[in-house]
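The values are calculated or read from the model by the stated rules, or taken from the named source; none is laboratory data. Note that the structure is a prediction, hence the values are computed from the model and not measured. So basically every Cβ, Gly included, is an ideal-geometry build from the backbone, and we count neighbours across all protein chains shown.
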Amino acid sequence: MSDIKNDVHRREDSSSAKTYSEAMGIDADALGDSEIAKNDGIQLRLQGVDHTARPTWKLNETIEFYRDVLRLPLIHTISARGWGPPGHHDFLHFFFDSGKGSTIAFFYYIGSDQPEKYAPEQHHFYAATHTAWSVDTEEELQLWKETLEGRGIKISPYTRHEILESIYFYDPNGYPLEVTRRLRDLHKLDSTDAELTLQAATMLEREAAEKGERVTSIDDIWRRKAKLVQETLERRKG
Amino acid sequence: MIRVYVLNVPEFAGLIESAHRMDHCRVAEGDAGYTVIESDSEIIFDRKEMKMKPAVWYGIFTGGLEGEIADFGRDQVRVIGTNRAL
C-alpha cells in the first residue's frame, strides 16, 4: 500500500541516469588526493553556510514551527516536478532565513511516506547530525531560551562546552537544533592543539588497524597526545 | 611519573590553579602553549573545586596525559603513574 502511495507522484524523467550519483554527476568513491591539493597552489575559500537541508514528511508542522514559532522568515520556495535522479518525487524545497545569508531548508517529497530508516531516534549517533545557529551574546542566548520556552518549546538547560555555550531543542520532525554563542576567540594555539589531538587519534587508528584491533578509549588518545606534545615542547627547547 | 599537559586556554586554567595548590605537583608553565603538571604520586582533581561544567570536565586531559586514569567520576578524577610506554 505504501509503495503504491510512494509511486503516485514519482515521475519518469528525461535523464538516462540509473542512480542518484550518476544523475548528479558525483561519485562517493572519488574522494580526491591530498597530495594534489597540497601542490596545486590554489587556496579555495568559503564564505559561510548558504543552506543545510533535510527531508520532511510533516509539511504543515514544519512551516508552522520555523516560520510562525521560531519566526524565521520564509524566503524562498521551489515547487517542481520530480527530475534528475531516477524515481524522484515531485517536491517542494523551501528555505528559512537563519541570519547572515544562511538558511535552513527542507524537501517535502509529495505523496511519499517516511521510510522507517529516516525516523528520528533517541540516540547520540542520530543527534550528531544537527543544526547549530549562532547568537552574539549571553543576553541573546538567554532571550532565545526564555522566549522559546514561553512559546511552548521544551528547551535544554544551558551547556557550556569548551568554546561554546548552547541550548538544544527539537523541531517537529525530531531534528535536533542548537542555538550557541562563542565563549572566546580562537587562536593559532587552538588549531595547533586540534591538529595534535587528531594526529594522535589517526596514528592510533592506523596502528590498531594494522594489528586488526580497534581504538576503544579516549585515554589511549590522551596518552599518545602527551607524547606528541612532549616532542613539540622538546623541539621548541632544542 | 605522571605528566598532565594543559593547553593554556581559559577553560582549562582550573587544572593549573588546582595543581599549584597541591604540594606534590610541579607546575612548569612553558612558552609553547602548554603547562606541564608533574607528580611522582597520584593526582586527584576535583571538578567543583575547579568550577568546571561537565562538558569541560570530561575532556580535561585533552592536552595529553602521561599516566593512567584510575577513577573518573562525575566530580573527581584520580590519576596514577604507569610504566606503559606512551
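In the stretch B:1-17, the residues that are under 12 Å from B:Lys51 (Cβ atoms) and at the interface with chain A (Cβ under 7 Å from one of its Cβ atoms) reach residues that are in a loop (DSSP other than H, G, I, E, B) and among the acidic types (Asp, Glu) with C-beta atoms within less than 9 angstrom, at least six apart or across chains, in these pairs: B:Glu11/A:Glu162. Contact annotation: residue pairs with Cβ atoms under 8 Å, 6 or more positions apart or on different chains, pairing a residue in the stretch B:23-36 that is more than 12 Å from every other protein chain (Cβ to nearest Cβ) with a partner that is at pLDDT 95 or above and in a loop (DSSP other than H, G, I, E, B), are B:His24/B:Asp40; B:His24/B:Ser41.
Tell me whether the stretch A:83-90 contains one or more residues that are within 24 Å of A:His130 (Cβ to Cβ) and touching a residue at least 12 places away in the same chain (Cβ under 8 Å).
Of all residues in the stretch A:83-90, those within 24 Å of A:His130 (Cβ to Cβ) come to none.
Looking through the stretch A:83-90, none of the residues is within 24 Å of A:His130 (Cβ to Cβ) and touching a residue at least 12 places away in the same chain (Cβ under 8 Å).
Tell me, please, whether a residue that is in a strand (DSSP E or B), crowded, with 21+ Cβ neighbours inside 10 Å and within 13 Å of chain A (Cβ to nearest Cβ) can be found in the stretch B:44-63. No; the residues of the stretch B:44-63 include none that is in a strand (DSSP E or B), crowded, with 21+ Cβ neighbours inside 10 Å and within 13 Å of chain A (Cβ to nearest Cβ). Scanning the stretch A:205-236 for residues that are closer than 22 Å to B:Gly67 by Cα, more than 11 Å from chain B (Cβ to nearest Cβ) and in a helix (DSSP H, G or I) yields a total of 3. Of all the criteria given as (1) under 27 Å from A:Arg236 (Cα atoms); (2) assigned to a strand (DSSP E or B), the one not satisfied by B:Asp71 is (1). For the stretch A:173-204, a residue qualifies if it is surrounded by 16 or more Cβ atoms within 10 Å (Cβ to Cβ), more than 9 Å from every other protein chain (Cβ to nearest Cβ) and not hydroxyl-bearing (Ser, Thr, Tyr), and the qualifying residues are A:Asn173, A:Pro176, A:Leu177, A:Glu178, A:Val179, A:Arg181, A:Ala201, A:Met203, A:Leu204. Given the conditions (1) under 20 Å from A:Gly99 (Cβ atoms); (2) at pLDDT below 95, report the number of the one that A:Ala53 does not fulfil. Every listed condition holds for A:Ala53 apart from (2).
Just to be sure before I move on: is A:Phe169 among the aromatic types (Phe, Trp, Tyr), assigned to a strand (DSSP E or B) and at pLDDT 95 or above in the structure I sent?
Working: among the aromatic types (Phe, Trp, Tyr): yes; assigned to a strand (DSSP E or B): yes; at pLDDT 95 or above: yes.
In short, yes.
Looking across A:Pro86, A:Pro115, A:Pro172, A:Pro157, one residue alone is over 19 Å from the mean Cα position of the chain (by Cα) and outside the structural domain of A:Ala53 (by TED's automatic domain parsing). It is A:Pro157.
Can you tell me which residues in the stretch A:146-170 are closer than 17 Å to A:Arg67 by Cα and either touching a Phe, Trp or Tyr at 6+ places or on another chain (Cβ under 8 Å) or not basic (Lys, Arg) (or both)? Listed by number, the residues that qualify are A:Thr147, A:Leu148, A:Glu149, A:Gly150, A:Gly152, A:Ile153, A:Phe169, A:Tyr170. Listed conditions (1) within 30 Å of A:Thr147 (Cα to Cα); (2) modelled with pLDDT of 95 or more are all met by A:Gly41, apart from (1).
A search for C-beta distances below 9 Å between a residue of the stretch A:99-118 that is closer than 17 Å to A:Gly174 by Cα and any residue that is basic (Lys, Arg) and part of a loop (DSSP other than H, G, I, E, B), counting only pairs 6+ apart in sequence or on different chains, returns A:Tyr108/A:Lys58; A:Gln114/A:Lys58. Checking each residue in the stretch A:157-172 for being surrounded by 14 or more Cβ atoms within 10 Å (Cβ to Cβ) and either within 14 Å of chain B (Cβ to nearest Cβ) or among the β-branched types (Val, Ile, Thr) (or both) picks out A:Tyr158, A:Thr159, A:Arg160, A:His161, A:Glu162, A:Ile163, A:Leu164, A:Glu165, A:Ser166, A:Ile167, A:Tyr168.
Determine if the stretch A:171-179 includes at least one residue that is closer than 30 Å to A:Tyr66 by Cβ and in contact with an Asp or Glu (Cβ under 7 Å, 6 or more places away or on another chain).
Of all residues in the stretch A:171-179, those closer than 30 Å to A:Tyr66 by Cβ come to A:171-179.
Going one step further and asking which of them are in contact with an Asp or Glu (Cβ under 7 Å, 6 or more places away or on another chain), we end up with A:172, A:177.
Taking every residue of the stretch A:171-179 in turn, at least one turns out to be closer than 30 Å to A:Tyr66 by Cβ and in contact with an Asp or Glu (Cβ under 7 Å, 6 or more places away or on another chain).
Within the stretch B:64-80, how many residues are more than 7 Å from chain A (Cβ to nearest Cβ) and either crowded, with 17+ Cβ neighbours inside 10 Å or hydroxyl-bearing (Ser, Thr, Tyr) (or both)? Step through it out loud before you land on a result.
Filtering the stretch B:64-80 down to residues more than 7 Å from chain A (Cβ to nearest Cβ) leaves B:67-68, B:70-80.
From what is left, the residues that are either crowded, with 17+ Cβ neighbours inside 10 Å or hydroxyl-bearing (Ser, Thr, Tyr) (or both) are B:67, B:77, B:79.
Total satisfying the criteria: 3.
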